[in-house]
1. Determine which member of the set V59, V67, V12 is part of a strand (DSSP E or B) and either free of Cβ contacts under 8 Å to residues at least 40 places away in the same chain or in contact with a Cys (Cβ under 6 Å, 6 or more places away or on another chain) (or both).
2. Any residue in region 22-41 that is closer than 19 Å to D71 by Cα sitting within a Cβ distance under 8 Å of a residue that is of a type in the set (D, E, K, R)? List the pairs, counting only those 6 or more apart or interchain.
3. Say we look at region 39-53 and pick out the residues that are modelled with pLDDT under 90 and in contact with a helix residue (DSSP H, G or I) (Cβ under 7 Å, 6 or more places away or on another chain); which of these is surrounded by the fewest Cβ atoms within 10 Å (Cβ to Cβ)?
Amino acid sequence: MDTALADLWASVIGQKPNTGAGIYKEWAKNPYLWGVPVGPERTDPKDHMNYQAFTRRIVRWNPKTGVELVDHD
């Protein structure tokens, strides 16, 4: 299953995942909850946090607390 998840990630992002990265590790626990990634991890220049969009969620990596789901209206 781990190899299949890495292949899914790579097919969308265009590169193999960093399987040690926080967002990837959390996504791999339950990929059905977030959906598939729709783009790479990006750093917001305003708050310097890393964000990544998935088909069902946008998540933020907070170095103090780990993965956080981003609420939006």
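The values are calculated or read from the model by the stated rules, or taken from the named source; none is laboratory data. Keep in mind it's a predicted model, so treat the numbers as computed, not measured. Cβ: placed from backbone, ideal geometry, glycine included. Neighbour counts: every protein chain shown.
1. That would be V59, the only listed residue that is part of a strand (DSSP E or B) and either free of Cβ contacts under 8 Å to residues at least 40 places away in the same chain or in contact with a Cys (Cβ under 6 Å, 6 or more places away or on another chain) (or both).
2. So the pair list comes out as I23/E41; L33/R56; L33/R57; W34/R56; W34/R57; G35/R56; G35/R57.
3. Of everything passing the filter in region 39-53, P40 is surrounded by the fewest Cβ atoms within 10 Å (Cβ to Cβ).
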